[in-house]
1. Relative contact order, percent, of region 17-59 when contacts are C-alpha pairs under 8 Å separated by at least 6 residues?
2. Arrange the peptides 286-294, 302-310, 50-58 so that the one whose residues have, on average, the most other Cβ atoms within 10 Å appears first.
3. At R0 = 35 Å, how high is the FRET efficiency between Ala277 and Trp362 if r is their beta carbon distance? Nearest 0.05 is fine.
4. Could you tell me how far the Cα centroid of region 283-340 sits from the Cα centroid of region 374-397, in Å?
5. Can I get the semi-axes of region 254-405's equivalent ellipsoid? Compute them from the C-alpha gyration tensor as square roots of 5 times the eigenvalues, in angstrom, largest first.
6. Over the alpha carbons of region 39-138, what is the largest minus smallest coordinate on each principal axis, giving the biggest first in Å?
7. So what does Glu48 come to for accessible area, using a 1.4 Å probe and Å² rounded to 10?
8. Starting from the alpha-carbon convex hull of region 31-73, give the projected area averaged over all orientations, in nm².
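The values are calculated or read from the model by the stated rules, or taken from the named source; none is laboratory data. Predicted model, so just to flag it, every value in this text is computed and none were measured. Every residue, glycine as well, gets a Cβ built from its backbone with ideal geometry; the counts of neighbours run over all protein chains shown. All accessible areas refer to the heavy atoms of the entire protein, side chains included, with ligands and DNA or RNA removed. Shrake-Rupley method; radii C 1.70, N 1.55, O 1.52, S 1.80 Å.
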Amino acid sequence: MELTEIKSGLVDKYIQLFPAEVAATLNAFTSEEIVEYLKDQPLDVSEEILSNLSPDVVANVIESMEESIFLSLFDAIDPYLAAKLLSRVKSSLLEKRLGLLSEKKSKSIREMLSYPPQAAGYLMDTRIITFQSQNTVDQVLNKLRSIGDKKMVNIYVTDNKGRLLGKVFIQTIAISTPEMTLAELVVPCESVSVMSPAEEAVKLFEEGKIINLPVVDIDNHILGIIRNSALIAATQKDASEDVLAMFGAGREERALSTPLFAVKKRLPWLQINLATAFLAASIVGAFEETIAQVTVLAVFLPVVAGQSGNTGSQALAVTMRGLALREIQTSQWWKVARKEVAVGFINGIAVALTTSIIAYFWASSFGISLVIGTSMILSMVIAGFSGAVVPIVLKAFGQDPAQSSSIVLTTVTDIMGFLSFLGLATLLGSALGIF
């Protein structure tokens, strides 16, 4: 074997073993040169190098790729990594690039790129510039001069894998010697997970400790930054919309909307709510004879219905938050429902004991005490299950859970609360001495 072949083999081996170091070196090259280099590498090596390039370099490299090279690379890349890399690209080019991929692949990437409005990722700007810890002050200053962004107050530093290490203030760079590395200057900084609630970012801004907030994924890779102005504007708009939807008002309605517009948005949901209220009332009517014989049962109806309603609302709130932030998928409905059933059962036992004692002294009847305690457990278990399942089912059918979940849930909890209490009283009344 000739010496040149040995050298070539060693270089190839080095590239395969240390793609992050190769990427760090390539960051200094032009995007066209990097594309030419990637052409000659195996797909898995090109993928590793591409994923370790600086965010701003990645965007330019993807924009410089020929369609054939892009297709061969991104057809093999995992959708999550593809979404992470493509998030840096301008929206106009992004659609063209996604159009080259298969429908299934492009759909998966689009889903990962479309963060829900309640998540921090929805507010971030992905067009960011990062530096690696081994970069010197001189290299940083040269890059900053070429960018010419006068509003930049600090830079973000990552390791060779793109994981966030911290930040360095521009003032610190300005007074440091050219040969110093960022590893010597970096200080820890606050960050927020890409799927965390936007409220977490709001809190950090309100404390006045930060101007821009880095957004990271589960492995602490920096994905973008949230700017103060964008966060405040978005959260003011989104905060009111879900509240309106939860109570059956339109998301588009405002305080000074015309009466006709408000009626148009609210009346359909009021009519639906009326229909469900009559449905719950019919359950009570079916047990009219039982209530006529033991009128004290009517006193406890709001207690059962109220507790089951609150239980369902708690489960509903947690599930809707999970759906909004993509902590859960519709396919995980049974796992979520099982958890809420367990919570409802344990809480039901605790509440049933208290309720039974009160009912016993109130009605002077062990039978009524036992019936209301049992129905409390049953109704709270069903309410927990319903609170978890209703929004997931609505989501699966393409409906907005925030718009209709509360109405459906109220109907279920009222009906099951009345049915369990009055049904048990009717079935066991004679045996327990209620009648």
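1. Numbers: 25 pairs, mean separation 25.3, N = 43.
After rounding, I find 59 percent.
2. Going from most to least packed, we get 50-58, 302-310, 286-294.
3. 0.85
4. Distance between centres, Cα-based: 6 Å.
5. Working: eigenvalues 211, 107, 30 Å².
In descending order, the three semi-axes are 32, 23, 12 Å.
6. Computed over the Cα atoms, the extents are 45, 41, 21 Å.
7. 80 Å²
8. 2.6 nm²
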